[in-house]
Structures are given as structure tokens and as C-alpha cells.
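Here is the structure we will look at.
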Amino acid sequence: MVTVDGVRLRICETPGAPGKTPLILCNGIGANLELLDAFVEELGPDIPTLRFDVPGTGGSPTAAWPYRFPGLCRTIDQLCSQLGYDAVDVFGISWGGAVAQQFAHQFPTRCRRLVLAATSAGMVMVPASPKVLLKMASPQRYFRATYLREVAGTIYGGDFRRDPTLVDQFLHRIRPGTLIGYLMQLFAGWLWTSVFWLRGLRQPTLVLAGTDDPLTPPVNSRLLAWLIPNSKLVKFDCGHLFLLTRRAQVAAEMKQFLLDG
């Protein structure tokens, strides 16, 4: 547990090879840092990583007041200073992908490279169907295992449509946060969009997408790759959670991208 700008955060650091740039991983809405354990292991020992629970998620206490993405990114920037990170690479999946975009825009000298997975430009996007959005907006999937089993195929698509037992592989890693914390995450992204300044990003960017993603239709990743000048788009034959179901392939792409520079 660390205190940054008056905010208490639970963090997890893993060491990497000397001189390598740390990778900050920004998770999806409501998701605790343990859900990325297997992926961090797949990345291997070369890349140092930093994960954190957003206020009200996992082991981080709920924030005393609502926040927006710029405020959360200021906290992340101060966390980097506190930990002695001069430059970082930033990865974001889904909701965390919006945080990663905002961080790269807001702190361009701190952010060296950017990886965006299963995410969009915010309010200016091709949305999921109303049925999917309603199921996603509910925090029940983090509190009720039966509900998650019911909706996983609908909201995550890909392998979760074909193999409902996949849910059980991740349930033991879920650490529910608070309802207020979840609502604050929803508020943080309300009316936010990056579409007006994406062309100004100068970081080399890797955009990752699942071809069967009901939550973030893959056309959104194509839009990101088109708008960000120095970007590369890679698709995986899976759904929203390809980071977990195709983690060896994703990790290989990311390692090549992050370690080549």
C-alpha cells in the first residue's frame, strides 16, 4: 500500500532486467490487479511491471471524492515519481486503455511507448449493442459468480462463447471492490473522448484487438490505429479478453514491441 497525492493505492511491482523501461498496466473497469497475474508471468523476467488497484477496486480504498481520467493520470504520474521511474511504457485494456491514452497525452515526456488493447476513443466510438452495454454496466459480474457465468459469452465473446468453463479459471483471482468505487470508474469516463488529440500522440503505439469483441467492436481499434500517427494494429482471433485467452501470442507481440526500442 502506498499513499500518492492523498490517495491510498495497492500496487504490485515486479522486477525486470536492469535498464529496461517499466511497464505500467492499467486494468479494465472493476478489475483487480490479480486478474493480470498470468499475463505478467507470460511477459517473462525482462520487463519490469507496475500494477495498481484503482480507488475502490481490489485492495485500494474507495476515493473520498469522484475523479476523472486527468486526475487519475496525475496520481499515476506522481506514483511514477515516488517510485523513481523517469520514463515508463503504458499498457491499457478496455477502460484502462482510455486511462493509458490520457496518460500518454497528458504526460508525453514520461510515456515512452503505448499499448492499447480492446479499447476505444471513448464517447466517439462504435458502441456495443444495448444488450451488451447493460450487462457490462452492472458490477454484478464481480460480486456474483453465477451472474458472470450467465453473461460472460455475451459480453466477452470469443472463446467465452464456446467454453463457459473459462470463467472458472479466473474466478479465484477476482477480488471485488466497492459499488461506489465501480460507479466512480463509470463517472471517470463519462463524456470523455480522445478523438480530438490522438493525432498529436508521438509515442510508438501498439493497438491490439479481438476479432469477436462484443464489448468494444474491432472497428474502434482500427480507428485508433488510423488516428495515432506511429501505430501498428494487431488482431487476435478471440473476444474482449484475448489478453487472458491468447496471452502467449499477446505477450510475444508486446515483448517484441517494447524491447526492440
Which count do you get for residues in segment 3-22 that are at pLDDT below 95, buried (at least 16 other Cβ atoms within 10 Å of the Cβ) and part of a loop (DSSP other than H, G, I, E, B)? 1
Answer yes or no as to whether SER221 is open to solvent by 20 Å² or more (accessible area, probe 1.4 Å) and either under 17 Å from the mean Cα position of the chain (by Cα) or touching a residue at least 12 places away in the same chain (Cβ under 8 Å) (or both). no
Among the candidates PRO108, PRO127, single out the residue that is open to solvent by 60 Å² or more (accessible area, probe 1.4 Å), at pLDDT below 95 and not small (Gly, Ala, Ser). PRO127
Based on this model, can you work out whether ALA118 counts as on the phi > 0 side of the Ramachandran plot and of a type in the set (A, V, I, L, M, F, W, C)? yes
On the given criteria, is LEU191 within 19 Å of TRP95 (Cβ to Cβ) and over 18 Å from the mean Cα position of the chain (by Cα)? yes
Residues of segment 209-239 satisfying the condition of being part of a helix (DSSP H, G or I) and either among the small types (Gly, Ala, Ser) or closer than 16 Å to MET123 by Cα (or both): VAL219, ASN220, SER221, ARG222, LEU223, LEU224, ALA225, LEU227
Take the conditions among the polar types (S, T, N, Q), open to solvent by 30 Å² or more (accessible area, probe 1.4 Å), without any contact (Cβ under 8 Å) to a residue 12 or more places away in the chain and in a helix (DSSP H, G or I) and apply them to GLN256. Does it pass? yes
How do the pairs read when you match residues in segment 102-127 that are under 15 Å from CYS73 (Cβ atoms) with residues anywhere that are charged (D, E, K, R) and not in a loop (DSSP other than H, G, I, E, B), using Cβ under 7 Å and keeping only pairs 6 or more apart or on different chains? PHE107/ASP77; ARG110/ASP77
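Residue-by-condition table, conditions (1) out of contact with any Leu (no Cβ under 6 Å at 6 or more places or on another chain); (2) without any contact (Cβ under 8 Å) to a residue 40 or more places away in the chain:
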| site | (1), (2) |
| --- | --- |
| PHE187 | yes, no |
| ARG199 | no, yes |
| ASP213 | yes, no |
| TRP226 | yes, yes |
Taking segment 224-242 only, how many residues are surrounded by fewer than 21 Cβ atoms within 10 Å (Cβ to Cβ) and over 18 Å from ALA100 (Cα atoms)? 2
What residue, of LEU179, LEU198, is surrounded by fewer than 19 Cβ atoms within 10 Å (Cβ to Cβ) and closer than 29 Å to LEU9 by Cβ? LEU179
Going by what's in this entry, would VAL207 be described as open to solvent by less than 20 Å² (accessible area, probe 1.4 Å), under 22 Å from PHE103 (Cα atoms) and either under 18 Å from the mean Cα position of the chain (by Cα) or at pLDDT below 95 (or both)? yes
What are the residues in segment 182-195 that are under 30 Å from ASP260 (Cβ atoms) and either touching a Pro at 6+ places or on another chain (Cβ under 9 Å) or surrounded by 18 or more Cβ atoms within 10 Å (Cβ to Cβ) (or both), if any? SER194
Output the number of residues of segment 138-174 satisfying the condition of being basic (Lys, Arg) and over 21 Å from the mean Cα position of the chain (by Cα). 4
Looking across segment 1-56 at residues that are among the polar types (S, T, N, Q) and touching a strand residue (DSSP E or B) at 6+ places or on another chain (Cβ under 6 Å), the single one that is nearest to ARG68 (Cα to Cα) is THR49
Contact list, first residue from segment 56-77 and aromatic (Phe, Trp, Tyr), second anywhere and part of a loop (DSSP other than H, G, I, E, B) and surrounded by fewer than 19 Cβ atoms within 10 Å (Cβ to Cβ), beta-carbon distance below 7 Å, six or more apart or interchain, is PHE69/GLY189; PHE69/TRP192
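The values are calculated or read from the model by the stated rules, or taken from the named source; none is laboratory data. The structure displayed is predicted, hence computed values, not measured ones. Methodologically, a virtual Cβ is constructed for each residue, glycine included, from the backbone with ideal geometry; neighbour enumeration extends over all protein chains shown. With ligands, DNA and RNA removed, areas are computed over all heavy atoms of the protein, side chains included. Shrake-Rupley method; radii C 1.70, N 1.55, O 1.52, S 1.80 Å.
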